[in-house]
Protein chains: 2
Amino acid sequence: MRDSAITVQQSGAFIETFELRPTNVDGPLSGLTFAVKDLIDVAGHKSGCGNPTWRDTHPPARSHAVCVEQLLAAGATFRGKTVTDELAFSLVGENYFYGTPLNAAAPNRVPGGSSSGSASAVSCGLVDFAIGTDTGGSVRVPASNCGVWGYRPSHGLISVAGVMPFAPTFDTVGVLARSAEVLTRAANVLLGARLEEARDRDNKNERPAAILIARDAFEMAGPAARAEHEKAIAVLRSRLGYTVREASVSDLIGCPLSELYDTYRPVQWAEIESSLGSWIEEQKPQFGPATKKNFELVRALDRALVAAAIGKREKYYRAMRKALGPRDLLCIPTTPDPAPVKGSLGVDQRSGDYYRKALALTSIAGIGRLPQVSMPLSSVAVEEGHAPVGLSLVGRFGEDEFLLGLVQEIDREADDLAA
Amino acid sequence: MRDSAITVQQSGAFIETFELRPTNVDGPLSGLTFAVKDLIDVAGHKSGCGNPTWRDTHPPARSHAVCVEQLLAAGATFRGKTVTDELAFSLVGENYFYGTPLNAAAPNRVPGGSSSGSASAVSCGLVDFAIGTDTGGSVRVPASNCGVWGYRPSHGLISVAGVMPFAPTFDTVGVLARSAEVLTRAANVLLGARLEEARDRDNKNERPAAILIARDAFEMAGPAARAEHEKAIAVLRSRLGYTVREASVSDLIGCPLSELYDTYRPVQWAEIESSLGSWIEEQKPQFGPATKKNFELVRALDRALVAAAIGKREKYYRAMRKALGPRDLLCIPTTPDPAPVKGSLGVDQRSGDYYRKALALTSIAGIGRLPQVSMPLSSVAVEEGHAPVGLSLVGRFGEDEFLLGLVQEIDREADDLAA
């Protein structure tokens, strides 16, 4: 591990640590270290998926997941497998069996989930970047909570082979890093993008057509977070000279933002039940209390409603396709507020306000199959000091490389401002 | 089952037959019957995936796959689970354990796989439509062989939850039917498309910008098939008045067509190994001889090459995105020739010419993540009489409904010509 004030032990981020050398020493990720969430296969090791019964009832992986193979071939060094919420089914990051990885940016607060250990390992400086999965926000929410960069790709563009299937219509493999530059280098490898091409594009310096500030999305955020986000947006507008316009998601797609959550939820739950229900029925796994509650909700879903929910999902998907033109970006808060204080959410998390608001925001990209980057540009005063909250750009389907190029420019500008 | 000269028994298409009534009696699929490939979950039944060890080592499904739920909610009646090639890993349709489903259009010939039983059940008139999966051609090839309509969707637009993961970057759920009208009705339900909207579009009668006849793709086909396809294309040009242009895939994406196969194969194999390798290692399953050989090839793949293959795949994917404009369509033969004669391909199928040519054609949509419909418009003289061979249209990503509307128009015109 690299020099860091926080040790692996203190971070609680890892399920196990071991090193795998890159398969090519000379690649775009040479010299960088990474970790992967423990529902992504690493050859010879079990993917425990955050649940002891899963670990006991599955064999070790024979081969690496395809994404791990890509990173090793690009020169990166593997350092370990990170804690995940049980079966990826939480945005909180408090695993009943494996603990709560440290949020280095706000130690009293949860790291967020389900890629909790990946965000923690990055925020603690223990690896250069980490791989997570993002179905309903599991990379973006921990990135926001821990003050790091987080990328969810356009759905289907990064291989999920060797990754536990959860809700396949939404499942993605994403990246967390402390700089937009490292985030982009790792993401480009996973996207199979050629570095020369990406560099050409950088040099051409493609600019966004318009950055649409989604008013209704910012209304989900608390007043302190909104005020901080406005400062960051002012930089985009004045310092970078981007075209910034007011908009609203509800005008763009013809439904209130809350409706996105009500659409996302039954589709996601139906897919989770189809992916994991048979295993649960057969194994009667031991679950932590919040996870048990979550799977009871999934099980109780009236499946006769699934088809109608999918109809709505695809309607909003098509509306978003039409609404975003080439190089248009939607700007939203990643999460409504900084991370909740540890232990504050209780067992019945899904009935509370936190999930409803957070998922209304994350389901924009989920339903739209769109790429999103959460940027650690804002920090809010809280009782114990300050805590980060992410500002996000959502891109058009397939315009991942453009989005990543842009956030690098923003990161450089933010560094200049801080300097 | 409906009136049919061929019985379920004679067809050999089914693993098991049982009826599930629709969950809504009044829907767009009311009155239609369907079957699903036996790697798609139906509650209370095992998904055997064409392999006896898989059947023995997996529990029954607790819930229907999401796609089954959608069809039942749309008014369709389920009639049974159909034979598949072992673990979906074949384009042939000769299952060592469960036999070769009857190709009603060419009884001496294989039905094609891996959705062999679904194509057979449709070609034998035992159900109105059937659901298959298509990773490398497993809906399109049997549709071509059996003389029925076959649809592979844009990747990621139809839910694969509750379906055996195989090579997730390419995996899709598709439809087979005897008419483009039934094909479209079932496909629209799975796409979550609203019937009113689809009807509006039909009335607007959107026309293709251009149909690009891919010269190099037709060079893969045998002379008799090419001659028949030319007649069908003449109808598109003269009777329907579409703009038809010569083109070549290699010009459009900057690589010879054979290179697509060489790119598709390592990526697919890497994903198969990541999806199924651990289970194979743990269970040491009993395989038929051709399947055993296939999985040996997968196992022998040098995984250090995977990252480079993905780089190429994504390069060609991006090139196809640019090459096809709105409502452009690519016209190619679905398969090079009519179905091979039963038992003619031997154990070492993948080293032969058949796979190389067939996969070069099917990997266009696979690599491009594009929707494709195989149309049963052509029939070629063979030793024993005539055998069908499919002509395909490949659409732009997400333009599935447009493509389906168009093939309905073509089907009506073909009927008029035949009348």
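The values are calculated or read from the model by the stated rules, or taken from the named source; none is laboratory data. Since the model is a prediction, treat every value here as computed from it, not as a measurement. Quick reminder, even Gly has a Cβ in these numbers, built from the backbone with ideal geometry, and neighbours come from all protein chains shown.
Of note:
- Any hit, segment A:326-338, residues being over 20 Å from A:GLY137 (Cβ atoms) and within 14 Å of chain B (Cβ to nearest Cβ): yes
- Conditions (1) more than 9 Å from chain A (Cβ to nearest Cβ); (2) β-branched (Val, Ile, Thr); (3) closer than 19 Å to B:LEU359 by Cβ; number of the one not met by B:VAL267: (1)
- Within segment A:68-88, considering residues that are among the small types (Gly, Ala, Ser) and under 20 Å from the mean Cα position of the chain (by Cα), the one surrounded by the most Cβ atoms within 10 Å (Cβ to Cβ): A:ALA88
- Residue check: B:GLY192 meets all listed conditions (1) in contact with a helix residue (DSSP H, G or I) (Cβ under 6 Å, 6 or more places away or on another chain); (2) within 14 Å of chain A (Cβ to nearest Cβ); (3) outside any loop (DSSP other than H, G, I, E, B) but one, namely (3).
- Subset of segment B:104-157 (residues that are assigned to a strand (DSSP E or B) and either under 10 Å from the mean Cα position of the chain (by Cα) or of a type in the set (Gly, Ala, Ser) (or both)): B:ALA130, B:ILE131, B:GLY132, B:THR133, B:TRP149, B:GLY150, B:TYR151, B:ARG152
- Annotation for segment A:291-312: at least one member residue is touching a Cys at 6+ places or on another chain (Cβ under 9 Å), part of a helix (DSSP H, G or I) and either under 18 Å from A:PHE170 (Cβ atoms) or within 14 Å of chain B (Cβ to nearest Cβ) (or both).
- Subset tally (residues that are out of contact with any helix residue (DSSP H, G or I) (no Cβ under 9 Å at 6 or more places or on another chain) and either acidic (Asp, Glu) or assigned to a loop (DSSP other than H, G, I, E, B) (or both)) for segment B:211-225: 1
- The set of residues in segment B:372-409 being among the hydrophobic types (A, V, I, L, M, F, W, C) and closer than 13 Å to B:LEU183 by Cα consists of B:VAL373, B:MET375, B:LEU403, B:LEU404, B:LEU406, B:VAL407.
- Residues of segment A:303-342 that turn out to be closer than 23 Å to A:PRO371 by Cβ and in contact (Cβ under 8 Å) with a residue 24 or more places away in the chain, as a count: 22
- Note on segment B:119-155: among residues that are at positive phi and surrounded by 24 or more Cβ atoms within 10 Å (Cβ to Cβ), the one that is farthest from the other protein chains (Cβ to nearest Cβ) is B:GLY147.
- Test: B:SER274 is among the polar types (S, T, N, Q) and crowded, with 22+ Cβ neighbours inside 10 Å: yes
The rows are residues; the columns are (1) of a type in the set (S, T, N, Q); (2) in contact with a Ser or Thr (Cβ under 8 Å, 6 or more places away or on another chain).
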residue: B:ILE332; (1), (2): no, yes
residue: B:SER351; (1), (2): yes, no
residue: B:ALA360; (1), (2): no, yes
residue: B:PRO371; (1), (2): no, yes
residue: B:SER378; (1), (2): yes, no
residue: B:ALA381; (1), (2): no, no
residue: B:VAL389; (1), (2): no, yes
residue: B:ARG396; (1), (2): no, no
residue: B:ASP415; (1), (2): no, no
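- Among the candidates A:GLU282, A:GLU273, A:GLU197, A:GLU181, the residue that is modelled with pLDDT under 95 and either part of a helix (DSSP H, G or I) or closer than 19 Å to A:VAL394 by Cα (or both) is uniquely A:GLU197.
- When the residues of segment B:278-323 are filtered to those that are of a type in the set (Val, Ile, Thr) and under 24 Å from the mean Cα position of the chain (by Cα), the one that is nearest to B:LEU377 (Cα to Cα) is B:THR291.
- The set of residues in segment A:352-371 being within 20 Å of A:ALA187 (Cβ to Cβ) and touching a Pro at 6+ places or on another chain (Cβ under 9 Å) consists of A:ALA365, A:PRO371.
- Qualifying residue in segment A:347-358 (condition: within 14 Å of A:SER90 (Cα to Cα), modelled with pLDDT of 95 or more and buried (at least 24 other Cβ atoms within 10 Å of the Cβ)): yes
- Condition check for B:ARG207: modelled with pLDDT under 95, surrounded by fewer than 24 Cβ atoms within 10 Å (Cβ to Cβ) and not aromatic (Phe, Trp, Tyr): yes
- Only one entry of A:SER379, A:SER363, A:SER374 meets the criterion of being closer than 30 Å to A:GLU409 by Cβ, in contact with a His (Cβ under 9 Å, 6 or more places away or on another chain) and not aliphatic (A, V, I, L, M), and that entry is A:SER379.
- Contacts under 7 angstrom Cβ, first residue in segment A:356-377 being more than 14 Å from chain B (Cβ to nearest Cβ) and in contact (Cβ under 8 Å) with a residue 40 or more places away in the chain, partner of a type in the set (Val, Ile, Thr) and part of a helix (DSSP H, G or I), 6 or more apart: A:ALA358/A:VAL141; A:THR362/A:VAL141; A:ILE364/A:VAL249; A:VAL373/A:VAL407; A:MET375/A:VAL407; A:MET375/A:ILE410
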